[in-house]
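The values are calculated or read from the model by the stated rules, or taken from the named source; none is laboratory data. Bear in mind the structure is a predicted one, so any value in this text is a computation, not a measurement. Cβ sites come from the backbone with ideal geometry, for glycine too, and all protein chains shown count toward neighbours.
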Amino acid sequence: MSNTVRRVLITGSSGLIGSEAVTYFDQRGWDVHGIDNNMRRDFFGPDGDTTWNLHRLRKTTRHFTYHHQDIRDRAMMLKLITDLRPNLIIHCASQPSHDLAKDRPFDDFDVNAVGTLNLLEATRRSCPEAPFIFMSTNKVYGDAPNELPLVELATRWEYARPEDYHGVSENCRIDACLHTLFGASKVAADILVQEYGRYFNMPTVCLRGGCLTGPNHAGVELHGFLSYLARAVREGRTYRIFGYKGKQVRDNIHSYDVCTFFEAFYHNPRIAAVYNLGGGRENSVSVIEAIDRFEDLIGKRLHIQYVDEHRVGDHICYISDMRRIHADYPTWKQEYTLERIFAEISCAAQDTPLSVRL
């Protein structure tokens, strides 16, 4: 490899964020290596199959090498990272559903926690100077965000106190609350990433994602809010709303904007950094608000089934407080507004071309 060519290793390279990162760094001339074994199909069935995304990447990239590997394979991860010695590691692979984790607890923990440990240790042994970016989750906060006082509005729940306007900050506790087994496995991984940073003085960052979205998401009912919702509208599926009157709120960030932060961190890495990475207040939307918008854009009515019981550990109102990440990286800006996200996903759901990336 030429000294001028940078190499990135991306886990979960056929998933939403991983595939966007493959495209992003490939277009910038990086030598891109991706790890994926399509376990999303095993987790979620045919709807979760990411084979189509891998085919898309192989057709559209120039510098991408795919490795059909499992991050739970400790020896293989050590060999691969030792052989590649990447300049940057982006760890996106995960079991992403808190609902599914209760039925497959060992798979959940082995993928999310042990897989992360395998990658961290391989990085420490082979290329400890390479920034290690971990896609964590806001579920590390468990249900602690639900303790913030809320007020019920016509279409959404909202924070009742002015001091909570910006949302949940990184100072929110991660213990003494209910996480689901998924949240617990991601907490373990999150803390490991921080510890490798502090203990071994490695450049690491935990990015506690809100709702990550984009047109290349294999959305399923148990994971992928906007993607699956648009799919349900298009295909006439019955969409189940779980509790809270459908007024639960999420903030949404586009996969492209996630990738621009990856690059920003590469150029200015920190030791054991922790950031919320969501859409913030401007990109927040409730379930029923999102349904109304997709119905308008796609031109179909959604079949809704309301389930009184909410999902265990589900957030009622979650908006990512983004002030820390913007303070440390003031030149990083999100390009995708909520309206732009809706337009792009709606066109993807209808197989309609739309040039929305400027």
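Counting only residues that are of a type in the set (S, T, Y) and farther than 23 Å from Y266 by Cα, which one in region 98-157 is surrounded by the most Cβ atoms within 10 Å (Cβ to Cβ)? The qualifying residue surrounded by the most Cβ atoms within 10 Å (Cβ to Cβ) is Y141. A residue that is at negative phi, outside any helix (DSSP H, G or I), of a type in the set (K, R) and surrounded by fewer than 22 Cβ atoms within 10 Å (Cβ to Cβ) cannot be found anywhere in region 250-259.
Is it fair to say A230 is assigned to a helix (DSSP H, G or I) and closer than 27 Å to D103 by Cα? Judged against the criteria, A230 is a match. Criterion first (in a helix (DSSP H, G or I) and among the polar types (S, T, N, Q)) does N37 satisfy it? No, not satisfied. When I288 is tested against (1) touching a helix residue (DSSP H, G or I) at 6+ places or on another chain (Cβ under 6 Å); (2) part of a loop (DSSP other than H, G, I, E, B), only condition (2) is not met. Taking (1) crowded, with 17+ Cβ neighbours inside 10 Å; (2) over 17 Å from the mean Cα position of the chain (by Cα); (3) of a type outside the set (A, V, I, L, M, F, W, C); (4) under 18 Å from G210 (Cβ atoms) in turn, R281 satisfies each apart from (1). Here F64 fulfils each of the conditions (1) within 24 Å of G313 (Cα to Cα); (2) aromatic (F, W, Y); (3) crowded, with 18+ Cβ neighbours inside 10 Å apart from (1). Residues in region 9-39 that are within 13 Å of L84 (Cα to Cα) and touching a Gly at 6+ places or on another chain (Cβ under 9 Å): L9, I10, G34, I35. For region 69-97, filtering for residues that are in a helix (DSSP H, G or I) and crowded, with 17+ Cβ neighbours inside 10 Å leaves 5.
In the set (1) farther than 18 Å from P131 by Cβ; (2) assigned to a helix (DSSP H, G or I); (3) among the small types (G, A, S), the condition left unmet by S14 is number (2).
Filtered by the rule that a residue be closer than 19 Å to K186 by Cα, assigned to a loop (DSSP other than H, G, I, E, B) and charged (D, E, K, R), region 134-171 gives D143, E170.
When we screen H315, H310 for residues that are within 12 Å of Q248 (Cα to Cα) and buried (at least 17 other Cβ atoms within 10 Å of the Cβ), the only hit is H315. Residues that are within 23 Å of V258 (Cβ to Cβ), among the β-branched types (V, I, T) and surrounded by fewer than 20 Cβ atoms within 10 Å (Cβ to Cβ) do occur in region 163-176.
Pairs are defined by a Cβ separation below 8 Å, a sequence spacing of at least 6 or placement on different chains, a first member in region 260-286 that is closer than 19 Å to G197 by Cα and touching a residue at least 60 places away in the same chain (Cβ under 8 Å), and a second member that is small (G, A, S) and part of a helix (DSSP H, G or I); the pairs so defined are F262/A21; I271/G197; A272/G197; A273/G197.
I'd like to know if region 292-300 contains one or more residues that are out of contact with any Ser or Thr (no Cβ under 6 Å at 6 or more places or on another chain) and among the aliphatic types (A, V, I, L, M). Within region 292-300, none of the residues are out of contact with any Ser or Thr (no Cβ under 6 Å at 6 or more places or on another chain) and among the aliphatic types (A, V, I, L, M). Which of (1) closer than 20 Å to F44 by Cβ; (2) of a type in the set (G, A, S); (3) modelled with pLDDT under 95 does G210 not meet, given it meets every other one? Status for G210: all satisfied but (1). The residue that is nearest to F43 (Cα to Cα), among those in region 94-144 that are out of contact with any Leu (no Cβ under 7 Å at 6 or more places or on another chain) and among the hydroxyl-bearing types (S, T, Y), is S94.
So that you can scan it fast, the table gives a plain yes or no per residue for (1) touching a residue at least 40 places away in the same chain (Cβ under 8 Å); (2) farther than 29 Å from D292 by Cα:
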| residue | (1), (2) |
| --- | --- |
| T123 | yes, yes |
| F132 | yes, yes |
| P145 | yes, no |
| V151 | no, no |
| R156 | yes, no |
| Y159 | yes, no |
| G167 | yes, no |
| I174 | no, yes |
